[in-house]
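To keep things clear, I will list the structure first and then write my remarks on it.
The values are calculated or read from the model by the stated rules, or taken from the named source; none is laboratory data. What you see is a predicted model, and the numbers here were worked out from it, not measured in a lab. Cβ coordinates were reconstructed from backbone atoms using ideal geometry, including for glycine residues, and neighbour counts include every protein chain displayed.
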Amino acid sequence: MAGQRTRLAGAHLLNYPAIAAVFGHPDILKLSATLTGEPEPFLQEIVSNRYIPPHEGIKPHLDEDFGELVPPFMRITWALFLDDISADSGALLISPGTHLRNYRSDAEPAKKSPTVEEVQGAPYEPIELKAGTLIVRASDVWHGVAPIRHLRRYITGSHTSRTRISNWMKEDLARIKKERSVVDPSTIPVILHPSFY
Ligand SMILES: O=C(O)CCC(=O)C(=O)O
Ligand SMILES: [Fe+2]
């Protein structure tokens, strides 16, 4: 398959009022706060994606496969789909409950990060949905994307805890905060300021 994936990422996407309205929506911020346990979650990533078919999809993986177990629910990921998604084309494939395998646990000091074989051998369920659906997932859940036969576009953003984070995330947040320190606040909707800086 010779399709193409195009990805735009960064603060400039918040110049689109519809994108800013999603990530600045009080209910979204409130749910992110509840799930991460962070009163003012940090908007770590804002990305738009477009897959032009035919595309082979994405193999099952972890977004945080850094050989490091992570604090439970340190990050959650929203995705707003702009096209219908079916099991036959572009379904997000999720292995329910697997985020728990990536979480640090005081009760299991010997717990190890999952292996590539475990992630690729796990059972996956397709998430079918209509254009306009917004989904939220624990970022750590094991996932992939089914082969894509129809145009597939979505906007995604992740909220994180500011304190209960892995070493990798600590470095990533420091890098992002440095980049954003030069972004003119007047270009970012006021409602987003607490999650942006
Ligand atoms: O396209 C998607 O829905 C997910 C892609 C993905 O899992 C990733 O980029 O890490
Ligand atoms: Fe992923």
Going by the structure shown, is Leu93 exposed (fewer than 15 other Cβ atoms within 10 Å of the Cβ), modelled with pLDDT of 95 or more and closer than 28 Å to Pro147 by Cα?
-> no
Take segment 137-164 and flag every residue that is charged (D, E, K, R), within 13 Å of ligand 1 (Cβ to nearest atom) and within 10 Å of Phe73 (Cα to Cα).
-> Arg137, Asp140
Pick out the one residue from Pro126, Pro194, Pro114 that is closer than 24 Å to Arg50 by Cβ and in contact (Cβ under 8 Å) with a residue 24 or more places away in the chain.
-> Pro126
Hits in segment 133-147 (condition: within 10 Å of the chain's Cα centre (by Cα) and not aliphatic (A, V, I, L, M)) = Arg137, Ser139, Asp140
Answer residue from segment 50-68, given it is outside any loop (DSSP other than H, G, I, E, B), surrounded by 15 or more Cβ atoms within 10 Å (Cβ to Cβ) and under 16 Å from the mean Cα position of the chain (by Cα) and is nearest to ligand 2 (Cβ to nearest atom) among those = Ile58
Can you name the residue in segment 6-28 that is loosely packed, with under 14 Cβ neighbours inside 10 Å and within 16 Å of ligand 1 (Cβ to nearest atom) and is also farthest from Asn49 (Cα to Cα) among such residues?
-> Ala9
Residue check: is Arg104 of a type outside the set (Gly, Ala, Ser) and free of Cβ contacts under 8 Å to residues at least 40 places away in the same chain?
-> yes
Test Asp27 against the criterion of being within 16 Å of ligand 2 (Cβ to nearest atom) and acidic (Asp, Glu), and give yes or no.
-> no
Hey, can you tell me all the residues within segment 42-80 that are over 27 Å from His193 (Cβ atoms), among the aromatic types (Phe, Trp, Tyr) and within 12 Å of ligand 1 (Cβ to nearest atom)?
-> Tyr51
Counted residues in segment 19-49 being of a type in the set (A, V, I, L, M, F, W, C), under 29 Å from Asp88 (Cα atoms) and assigned to a strand (DSSP E or B) come to 2
Is it the case that Ala87 is at pLDDT 95 or above, surrounded by fewer than 16 Cβ atoms within 10 Å (Cβ to Cβ) and within 16 Å of ligand 2 (Cβ to nearest atom)?
-> no
